Amino acid sequence: MSEDDDPDIRIINARKMKELQKQAAIQEKMKAMKQHENPPQTDREIINTYLYNRGEEVLNLSEFQFPIQTKAVVKKIVELIKLGEINQRISGGELLALFRSVGMNVRVNTSIRIEDHGRLVSFSDKLRYENEESRNA
């Protein structure tokens with residue numbers, strides 16, 4: 001007696017198949033709804049959904065400093081997203097590294113802050129205070 005002859009197994013397999021078909025139909029319906037709901041997005045809107053950790057700030061700075069080149073790079077990134085080549089989020093650091101690798105030296109305002117007696121102060125202020133203290137001593 002094989003598994004195909006057992007009526008209980010046939011019933012279980014039929015239930016599983018029916019459930020899988022139902023899930024597939026729901027997924028197809030959701031996919032169709034998403035396509036009808038969302039009007040075509042701009043490249044900027046698409047890439048913004050993938051950016052995190054200061055990524056939008058880096059993109060804004062790049063657009064300000066290199067508007068034409070940034071538009072070309074963003075267009076290529078969006079093309080890769082649409083093709084499924086890029087399927088993970090892009091951090092600000094990764095975006096900055098990408099811009100620099102194609103020759104766009106995007107300048108980002110950075111500051112180093114350190115803890116001094118329980119409060120955060122900029123590194124330059126800390127050095128300034130230490131220099132003043134050493135002169136006065």
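Couple of notes before you dig in:
- For the range 43-101, the ratio of Cα radius of gyration to the globular rule of thumb 2.2 N^0.38 Å stands at 1.00.
- Listed residues Ile112, Val78, Gln21: farthest to the positive end of the dipole of the chain (Cβ charges): Val78
- Cβ-placed point charges (K, R +1; D, E -1), dipole of the chain about Cα centre in debye, nearest 20: 480
- Kyte-Doolittle mean at least 0.5 and Cα axial length at least 27 Å: DSSP H helices in the chain: none
- Each of Val102 and Asp43 was given a label point 7 Å from its Cα along the Cα-to-Cβ line. The distance between the two points is 0.8 nm.
- Translational diffusion of the range 78-123, estimated by Stokes-Einstein from the Kirkwood radius over alpha carbon pairs at 4 °C in a medium of 1.567 mPa s, is 95 µm² per second.
- Positive minus negative residues near Glu130 (Lys, Arg vs Asp, Glu; Cβ under 15 Å): -2
- Difference of contour (0.36 nm per residue) and Cα-Cα distance, Leu83 to Ala32: 16.5 nm
- Translational diffusion of the chain, µm² s⁻¹ [Kirkwood Rh, Cα pairs; Stokes-Einstein; 37 °C; 0.692 mPa s]: 160
- Per-residue Cβ neighbour rank within 10 angstrom, fewest leading, Arg113, Arg135: Arg135, Arg113
Computed from the coordinates by the stated procedures, all read-outs in this text should not be read as laboratory data. Here the structure is a predicted model, which means the values were calculated and not measured. Don't worry about glycine lacking a Cβ; one is built from the backbone with ideal geometry, like all the others, and counts go over all protein chains shown.
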